[in-house]
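Visitor: I'd like to ask some things about the structure below.
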Amino acid sequence: MRVLGIETSCDETGVALFDSEHGLLADALHSQTDLHAVYGGVVPELASRDHVRRLLPLIEQIFTEAGLRRGDVDAIAYTAGPGLIGALMVGASTAHGLARAWQVPVLGVHHMEGHLLAPMLEETRPEFPFVALLVSGGHTQLVEVRGIGCYRLLGESVDDAAGEAFDKTARMLELPYPGGPHVSRLAEQGNPERFRFPRPMTDRPGLDFSFSGLKTHTLTTLRQLQAAHGVNEQDRADVARAFEEAVIDTLVIKCRRALEQTGLTRLVAAGGVSANQRLRQRLEAALAKRGAGVWYPRGRFCTDNGAMIAYAGTQRLLAGERDPGPMRAVARWPLHELTAPLTTPAV
Ligand code: ATP
Ligand code: MG
Ligand code: FE
């Protein structure tokens, strides 16, 4: 089955063509980063309008790259939520419009299921069951995954998501949006011994996270430095390093705990923050000690993309799932509300 995937839930227009027999045929992405950078965050109305401008040309581009003619697909998958409602509606209405024109089935996909299954696009794929660490701009969750649609929430952030904490810290350090990669790059020059930031909620049992206190800690540290002697380049790097160490340490501790609690030996890390190289190294080292392994998507499939939506959609479309009626676009949609497809998809 050949599926066109469409992602427009936030500030990335992503499209891809996935073939259940031949894998990924083509994918393309337009990031709106430059459009929103001056505002320090995503402006929903600007995001929707830009998706309208970019989506159809991107779709044409991947059909050309794959050597396919328009309509040479068996089905269409699009992100139905969660996300910015106006942005979602652009992808949803385009998907339904094309499906009607091409007379093919269409299905709305859960954005976080897309992130969670993105490692399946790689050559070495994790087998079920596994624990998934979803770390993105809007989510920080640990999920026990028994199969597609069999998700049990083990823990999540009670306030800011990990990516959001990176973005807010970046802003305090006067770094551009989105902040994760910039904070990480600055942290490389930082001395990890100079400041020690707290590891929130690690001193008590449980798998929930809290990252808003770290952000306050960053602000307080910067203010103290400012009052003492002004903030120089090395100070900024040391603060970035202390912040990054604290986030990574916290994530690693909770991942280890989640594996212990479930008795599982496989971890999947996905979402934008999983692109962080130091996080990957630390997860690998910590898990190797326990005889466990970790899988993640390639760097560019950690953040939002069309390939993960095409993949997740294909698994459910193969099992016969379709949108029963009109297009769907839902801003809030908890992952654990999903259910398994009725028949097991033939991968
Ligand atoms: P969600 O998927 O929860 O709806 P989103 O789609 O906005 O949110 P993603 O696109 O998955 O999130 O990820 C973007 C986030 O990842 C941003 O917060 C960004 O700062 C962060 N990020 C990207 N690369 C890195 C990195 N190398 N280190 C840390 N954070 C990173
Ligand atoms: Mg984004
Ligand atoms: Fe995302």
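The values are calculated or read from the model by the stated rules, or taken from the named source; none is laboratory data. What you see is a predicted model; the values in this text were computed from it and never measured. We place every Cβ from the backbone using ideal geometry, glycine too, and count neighbours over all the protein chains shown. Keep in mind that these areas ignore ligands, DNA and RNA; they rest on the heavy atoms of the full protein, side chains included. Shrake-Rupley method; radii C 1.70, N 1.55, O 1.52, S 1.80 Å.
Visitor: Of all residues in the range 7-29 being open to solvent by 30 Å² or more (accessible area, probe 1.4 Å) and within 24 Å of ASP74 (Cα to Cα), which is farthest from ligand 2 (Cβ to nearest atom)?
Guide: GLU21
Visitor: Would you mention how many residues in the range 165-175 are over 17 Å from ALA275 (Cα atoms) and out of contact with any His (no Cβ under 6 Å at 6 or more places or on another chain)?
Guide: The qualifying residues number 6.
Visitor: So which strands (runs of 3 or more DSSP E) are wholly in the range 116-210 and hold at least 3 residues that are more than 16 Å from ligand 3 (Cβ to nearest atom) and within 20 Å of GLU245 (Cβ to Cβ)? Don't jump to the end; show me each part of the working.
Guide: Values: elements: 130-135, 140-147, 150-156.
Where strands (runs of 3 or more DSSP E) fall fully within the range 116-210, none carries at least 3 residues being more than 16 Å from ligand 3 (Cβ to nearest atom) and within 20 Å of GLU245 (Cβ to Cβ).
Visitor: Specify the residue that is modelled with the lowest pLDDT; the eligible residues are those in the range 172-227 that are within 16 Å of ligand 1 (Cβ to nearest atom) and charged (D, E, K, R).
Guide: Of everything passing the filter in the range 172-227, LYS215 is modelled with the lowest pLDDT.
Visitor: Being open to solvent by less than 20 Å² (accessible area, probe 1.4 Å), on the phi < 0 side of the Ramachandran plot, more than 16 Å from ligand 2 (Cβ to nearest atom) and assigned by the TED database to the domain that holds ALA77: is that true of ARG316 here?
Guide: Numbers: open to solvent by less than 20 Å² (accessible area, probe 1.4 Å): yes; on the phi < 0 side of the Ramachandran plot: yes; more than 16 Å from ligand 2 (Cβ to nearest atom): yes; assigned by the TED database to the domain that holds ALA77: yes.
It is true that ARG316 is open to solvent by less than 20 Å² (accessible area, probe 1.4 Å), on the phi < 0 side of the Ramachandran plot, more than 16 Å from ligand 2 (Cβ to nearest atom) and assigned by the TED database to the domain that holds ALA77.
Visitor: Under 6 Å between Cβ atoms, at least 6 apart or on separate chains: pull out the pairs that start in the range 31-43 with a residue that is in contact (Cβ under 8 Å) with a residue 40 or more places away in the chain and end on any residue that is open to solvent by less than 40 Å² (accessible area, probe 1.4 Å) and assigned to a helix (DSSP H, G or I).
Guide: Filtered contacts from the range 31-43: VAL42/HIS36.
Visitor: Assuming ALA275 fulfils every condition listed in (1) at pLDDT below 95; (2) within 13 Å of ligand 3 (Cβ to nearest atom) apart from one, which condition is it?
Guide: (1)
Visitor: Determine which member of the set ARG290, ARG280, ARG328 is under 27 Å from SER31 (Cβ atoms), open to solvent by 20 Å² or more (accessible area, probe 1.4 Å) and either out of contact with any strand residue (DSSP E or B) (no Cβ under 7 Å at 6 or more places or on another chain) or within 16 Å of ligand 2 (Cβ to nearest atom) (or both). Before the answer, list the steps.
Guide: On the way: ARG290 fails: under 27 Å from SER31 (Cβ atoms); ARG328 fails: either out of contact with any strand residue (DSSP E or B) (no Cβ under 7 Å at 6 or more places or on another chain) or within 16 Å of ligand 2 (Cβ to nearest atom) (or both).
Unique residue meeting the criteria: ARG280.
Visitor: As an exercise: evaluate PHE301 against (1) within 13 Å of ligand 1 (Cβ to nearest atom); (2) surrounded by fewer than 22 Cβ atoms within 10 Å (Cβ to Cβ); (3) under 15 Å from the mean Cα position of the chain (by Cα) and give the number of the one condition it does not meet.
Guide: It fails just one condition, (2).
Visitor: Just for the range 30-60: of the residues that are under 23 Å from TRP102 (Cα atoms) and open to solvent by 20 Å² or more (accessible area, probe 1.4 Å), which one is nearest to ligand 2 (Cβ to nearest atom)?
Guide: Narrowing the range 30-60 to residues under 23 Å from TRP102 (Cα atoms): 51-60.
Those still in the list that are open to solvent by 20 Å² or more (accessible area, probe 1.4 Å) too: 52-54, 56-57, 60.
On the way: VAL52: 17, ARG53: 17, ARG54: 14, LEU56: 20, PRO57: 19, GLU60: 23 Å.
Ranking the candidates gives ARG54 first.
Visitor: So GLU122 clears everything in (1) open to solvent by 50 Å² or more (accessible area, probe 1.4 Å); (2) over 20 Å from TRP333 (Cα atoms) except one condition, right? Which one?
Guide: (1)
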